[in-house]
Each structure stands twice: as C-alpha cells, then as structure tokens.
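The structure appears right after this line, and notes come after that.
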Amino acid sequence: MIDLKKYIYPAKTRIRPDLLRRWALFLLLLTTISCFLPAPPPAHAGKSKLQEYKIKAAFIYNFAKYVNWPKSTFVDKNAPLVLGLLGDSPFGKEIYKINDKLVHKRKLKVIVIKDYEQVKSCNLLYISPSESARLEEIKTALKNKKILTVSDMDNFAANGGMIELIVKESKVRFIINPEAAEQVGLNISAQLLKLAIIFKQGSR
C-alpha cells in the first residue's frame, strides 16, 4: 500500500527562511503592481452601461445614508424611506437590489412613479434623462418638498437639481448643489460634500 502522507507531508522537507522571505516579497510586488494596471476594456458596450448603472444604484443608496430628513417628513418611526424612479429607468434590475436595505433604521423602498401624485410619498427621486424636456414642470411639482433629487441628465445641478451623477475619466462622480437641498430643509453630510464636486450659484 502506498503511504500518501509522505507525499503530502514530507517529514524531512523544510523551506529555507530566506526563500520564504523572497516569495513573500514577490507576492507583495505582484499585488502592488496589479493595483496600477488599467481595468480590461469591456467586451460589449451593453455590459459597460449595465456596470455603470450598477455603480450609480450603489451611489444613490449611499447618498441616502449621508442625507438627513426632518423627523416631520415621516408619518412614524416605521415609515420607509421611499426612492421614486421617474421616467425611463436605465437601471434594469440593479436598482431593486437596494430595495429593503436599511437607511437611518428605515427600510428603503423603490417605487416607479407613474403620476405626480406619487411623488408626494417620495424622500428621494431619481429623474431619468428621458424627462429632460419636462424638467421645469417637474421642479414646479417638487417645489418646497423635502425630496432629494438625483439625476444624470446634463446640467442637472446647474438647473436646480440636488445631485447630478456624471462619468468623468471613466469613473462615476457626482456634483452636489447644496443650496438646492438647504432650501427645502435637507441636510447633506459634510463627509459626502468632501467627496463631491460642489456647484455654486453663479458658477455656470
């Protein structure tokens, strides 16, 4: 019978300490270099867009964690934090992965907005670029409502939106219009502001 133990655990085999150190150094260098290598190009444009909106969905979830709504916004302590999707949603199923996640001890609920009456129940509102021609109409419907508005339509922050998602140098970034949020009583965390590009009135 063959004794497998002597092949798996050779009794007299010892690895020299200097060889261990060299191997550890090699692994460290390999890991460090890999951090600076560019990501491989996407195999298909559709996959690239899907990945972009997967990241944007995660951004929206994190925005909610760094924004404070007045307590009077909610009916009670069990009321959900509602994210409305207005217009053609580019997220596919990705946005629903954040559904039921906890934010400020409240469940995040994702809904599709079909009419302006539903907007009243929202705490966050994603406005699709498909609604760019109706932006002024939407702003009128949202006036003085404590709703965090997010979009990736061009010049959204400059046109009174609160958070504009952009792609810059192949990375998802965001522009915040703090004044727009302050006007309706929303408090955006300083931590989030530090990571953002800040839009200031008169800077267009």
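Details
This table checks each residue for (1) in a loop (DSSP other than H, G, I, E, B); (2) more than 24 Å from Gln51 (Cα to Cα).
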{"site": "Pro90", "(1), (2)": "yes, no"}
{"site": "Leu108", "(1), (2)": "no, no"}
{"site": "Gln118", "(1), (2)": "no, yes"}
{"site": "Cys122", "(1), (2)": "yes, yes"}
{"site": "Ala133", "(1), (2)": "no, yes"}
{"site": "Glu136", "(1), (2)": "no, yes"}
{"site": "Ala141", "(1), (2)": "no, yes"}
{"site": "Lys146", "(1), (2)": "yes, yes"}
{"site": "Phe156", "(1), (2)": "yes, no"}
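- Meets criteria (part of a helix (DSSP H, G or I) and touching a residue at least 12 places away in the same chain (Cβ under 8 Å)) for Ile95: yes
- Filter pass, Lys49 being closer than 23 Å to Val172 by Cα, surrounded by 13 or more Cβ atoms within 10 Å (Cβ to Cβ), of a type in the set (Lys, Arg) and modelled with pLDDT under 95: yes
- Scanning the range 131-153 for residues that are under 20 Å from the mean Cα position of the chain (by Cα) and either over 24 Å from Ser189 (Cα atoms) or surrounded by 20 or more Cβ atoms within 10 Å (Cβ to Cβ) (or both) gives Ile147, Leu148, Thr149, Val150, Ser151, Asp152.
- Residue count for the range 135-169, restricted to those that are without any contact (Cβ under 8 Å) to a residue 12 or more places away in the chain and among the hydroxyl-bearing types (Ser, Thr, Tyr): 1
- Asn68 meets the conditions (1) surrounded by 17 or more Cβ atoms within 10 Å (Cβ to Cβ); (2) touching a residue at least 60 places away in the same chain (Cβ under 8 Å) in every case but one. The failed one is (1).
- Taken residue by residue, the range 163-175 has no member that is buried (at least 16 other Cβ atoms within 10 Å of the Cβ), assigned to a loop (DSSP other than H, G, I, E, B) and at pLDDT 95 or above.
Residues checked against (1) at pLDDT 95 or above; (2) among the aromatic types (Phe, Trp, Tyr); (3) exposed (fewer than 11 other Cβ atoms within 10 Å of the Cβ):
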residue: Met1; (1), (2), (3): no, no, yes
residue: Ile8; (1), (2), (3): no, no, yes
residue: Ala11; (1), (2), (3): no, no, yes
residue: Leu20; (1), (2), (3): no, no, yes
residue: Pro38; (1), (2), (3): no, no, yes
residue: Asn62; (1), (2), (3): yes, no, no
residue: Ala79; (1), (2), (3): yes, no, no
residue: Glu94; (1), (2), (3): no, no, no
residue: Leu108; (1), (2), (3): yes, no, no
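The values are calculated or read from the model by the stated rules, or taken from the named source; none is laboratory data. What you are looking at is a predicted structure, and each value in this text was computed from that prediction instead of being measured. Every residue, glycine among them, receives a Cβ derived from its backbone with ideal geometry; neighbour counts consider all protein chains shown.
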